[in-house]
Amino acid sequence: MNKHLIGSVLLSLLLGACSSSPIKDLPKVEDKSPASANAGVAPEASGAQTSGQASDSSSSVNPLKDPNNILSKRSVYFDFDKYEVKSEYRPVVDAHAKYLLEHPAAKVTLQGNCDDRGSREYNLALGQRRSVAVKKVLNLSGVQDKQIETVSYGEEKAHTNCADETCFAQDRRADVFYENE
Amino acid sequence: MIKLLKIVSTLLAACLTLGLLSPSAQAELTIEIVGGAAQQIPIAVVPFAQGTSQQAQVADIINADLRRSGLFRALETRGVANQPHDAAEVRFAEWAALQAQALAIGHVETLQGNRLKVTFRLLDVVKQSQLLGQEFNIAPGQLRLTAHRIADLIYQKLTGEIGVFASRISYVSKIKGRYALQVADADGFNPQTVVSSGEPIISPAWSPDGGQLAYVSFEKKKPVIYVQSLISGRRIVLANFKGNNSAPSWSPDGRKLAIVLTYAANSQIYTINADGTGLKQLTYSSTIDTEPAWSPDGKWIYFTSDRSGNPQIYRTSALGGDAQRVTFSGSYNVSPDVSPDGKLLAFINREGGSFRVAAQELSSGQMQILSDTAQDESPSFAPNGRMILYATSKGGKGTLAAVSADGRVKQRLSDTGGDVREPAWGSLVN
């Protein structure tokens, strides 16, 4: 039963990461069980709680995983063939910058992506520009390069059967991944 | 006019020269030919005398090749009483009545030591004379290749151009989330898996001698360039620098490759020796420079850059220096490939929401849209420059297509096993 719950929470988080719409409709899960608080972590870790950590986790939710925290938003979306970070995504990027400054040991990988139209190689370069564009915003807030890695998957992770702009737009993004998650 | 030519592959036809590669299981290719040249040469290819061989009929392979080129009308020969296999047996009047201009005949004999002798003649029906006559002493596994070579001889004699039926192509297939880099005969037969991975493989590039493939694999969770021998199967890491390593393109002499690295910052073009030594930066811009492609004389490198604000094709000296803009039509021109004679540039042009294969005459700058598909990628010239192979999409699935450099002949090739993409046409097999 726990596994089922974890699965649905994971799914919700993933869906949230792929969408620019508010995530307020997500079911409240943080006070159900210790396992759900660690939903984003590997399931076996949450199933093997032994120390006093379990009792703490219900009161202090990981801000990176808390659906009510802006840090749970991980995607910056871009216009076609563009790599400027639009102002509407600045609050998200700035929140991650603040977190990284407060947690100097934390590391992020910024992964750039494109929709599946056009050249794979150009899209690989464009995805890289998108990840670097987000890195530059983090740098502006004072985050050091050693906390950031930029990679690109180009169009390799894109939907292959998009029929409309809404679908293509979902693929044109840079995602923030924290180390070990 | 639409001709449909369905070919079902013999799965076990192992190519001896590629003995270390594994025959692929997803081996069914359908080639559909749409359109054709304004004037097609009517030719009759009589079934070869082949004994009880289990192998494919040589004449069928020749006919399929000639039809696929769009330049020939392969005539039905079964209704003709005269079925010659040697010059002395030919009754020209019967073939003239069929309005054949040319007649191809031949036979296959088994020699001692299990080798085969293939004899072939090409005859001029109007002049009642022999145009070509040739014998091939071959291993049994080479019968299909020999049929392609005969088709090449016919093609060259009757059109004056070099034939490419004996060449090979490569492409990447994606089946159930697994990527496989494959090489196959130009007609899609004999697919062999070169390398497979759960992570994407892109941008295969043939070495000029046809013996090696460079490609980009994400198996290390980032793009890394490998060079792999098709003979031994061995591979080296050509470039695994910090950041992305991608877009390999061989110099015409095969000694160097142009590649793209994000080593310093943004995607820039470098050259590197084929053994991974001697890295040298070629372009220095603050924008995207990618997809290098050499001119056949080795003097120029064409590439995609967004330095003007949107992606266009530029060229720079292979020794470095200032770049000149080459494409001007529209706001998205990418993926350059130069024709073997150096006169045409093929690329992908976006107009509205459509991405199509275009060709530009380099001397005049005149551009022509060639394809009538809408999500085209990765154009690659045939070694004779007549056809351009490219990837497109049909029903949400990747498929391969080809269009002639004049836009008249169009083919679709689809691997029924899954998604196919990233085609590259290799050089002629010697």
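The values are calculated or read from the model by the stated rules, or taken from the named source; none is laboratory data. The structure presented is a predicted model; accordingly, all values stated were derived computationally and were not measured. Here Cβ is always computed from backbone atoms with ideal geometry, including for glycine, and neighbour counts include all displayed protein chains. Quick note on the areas: whole protein, heavy atoms, side chains included, nothing else; ligands and nucleic acids left out. Shrake-Rupley method; radii C 1.70, N 1.55, O 1.52, S 1.80 Å.
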Restricting attention to the stretch B:100-142, report how many residues are out of contact with any strand residue (DSSP E or B) (no Cβ under 7 Å at 6 or more places or on another chain) and either outside the structural domain of B:Gln55 (by TED's automatic domain parsing) or within 18 Å of B:Ile61 (Cβ to Cβ) (or both).
3
Of B:Asp376, B:Asp337, B:Asp372, the only residue that is in contact with a Pro (Cβ under 9 Å, 6 or more places away or on another chain), in the same structural domain as B:Gly210 (by TED's automatic domain parsing) and among the acidic types (Asp, Glu) is B:Asp337
Evaluation of A:Lys135 against (1) within 12 Å of chain B (Cβ to nearest Cβ); (2) at pLDDT 95 or above; (3) open to solvent by less than 30 Å² (accessible area, probe 1.4 Å); (4) farther than 22 Å from B:Gly353 by Cβ (one fails), failing number
(3)
Kindly evaluate B:Ile236 against the criterion of being of a type outside the set (Gly, Ala, Ser), within 14 Å of another protein chain (Cβ to nearest Cβ) and either under 18 Å from the mean Cα position of the chain (by Cα) or part of a strand (DSSP E or B) (or both).
no
For the structure I just gave you, tell me whether A:Asp164 is within 14 Å of chain B (Cβ to nearest Cβ), at pLDDT below 95 and open to solvent by less than 30 Å² (accessible area, probe 1.4 Å).
no
Could you please give the count of residues in the stretch B:238-279 that are open to solvent by 30 Å² or more (accessible area, probe 1.4 Å) and over 22 Å from B:Gln228 (Cα atoms)?
3
With the first residue restricted to the stretch B:199-220 and required to be within 14 Å of chain A (Cβ to nearest Cβ), and the second required to be of a type in the set (S, T, N, Q) and not in a strand (DSSP E or B), Cβ contacts under 9 Å at 6 or more apart or on different chains are B:Ala214/B:Ser207; B:Val216/B:Asn244; B:Lys220/B:Asn240
Those residues of the stretch B:383-393 which are within 13 Å of chain A (Cβ to nearest Cβ) and not aliphatic (A, V, I, L, M), in sequence order:
B:Tyr390, B:Thr392, B:Ser393
Taking into account only those residues within the stretch B:394-424 that are within 12 Å of chain A (Cβ to nearest Cβ) and open to solvent by 40 Å² or more (accessible area, probe 1.4 Å), which is modelled with the lowest pLDDT?
B:Gly395
Any chance the stretch B:341-351 includes a residue that's modelled with pLDDT under 95, crowded, with 24+ Cβ neighbours inside 10 Å and either under 22 Å from A:Thr160 (Cα atoms) or outside the structural domain of B:Gly177 (by TED's automatic domain parsing) (or both)?
no
Output for the stretch B:258-276, where each listed residue is assigned to a strand (DSSP E or B), of a type outside the set (Val, Ile, Thr) and free of Cβ contacts under 8 Å to residues at least 40 places away in the same chain
B:Leu261, B:Gln268, B:Tyr270, B:Asn273
Scanning the stretch A:61-85 for residues that are within 30 Å of A:Gly118 (Cβ to Cβ) and over 14 Å from the mean Cα position of the chain (by Cα), the one most open to solvent (accessible area, probe 1.4 Å) turns out to be A:Glu84
A:Lys157 - would you say it is open to solvent by 60 Å² or more (accessible area, probe 1.4 Å) and within 14 Å of chain B (Cβ to nearest Cβ)?
yes
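Give the residues of the stretch B:357-378 that are among the hydrophobic types (A, V, I, L, M, F, W, C) and free of Cβ contacts under 8 Å to residues at least 24 places away in the same chain, sorted by residue number.
Correct list: B:Ala374 only.
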All positions within the stretch B:62-76 that are open to solvent by 10 Å² or more (accessible area, probe 1.4 Å) and either part of a strand (DSSP E or B) or at pLDDT 95 or above (or both):
B:Asn63, B:Arg73, B:Ala74, B:Leu75, B:Glu76
Strands (runs of 3 or more DSSP E) wholly inside the stretch B:163-215 containing at least 3 residues that are open to solvent by 20 Å² or more (accessible area, probe 1.4 Å)
B:167-175, B:192-197
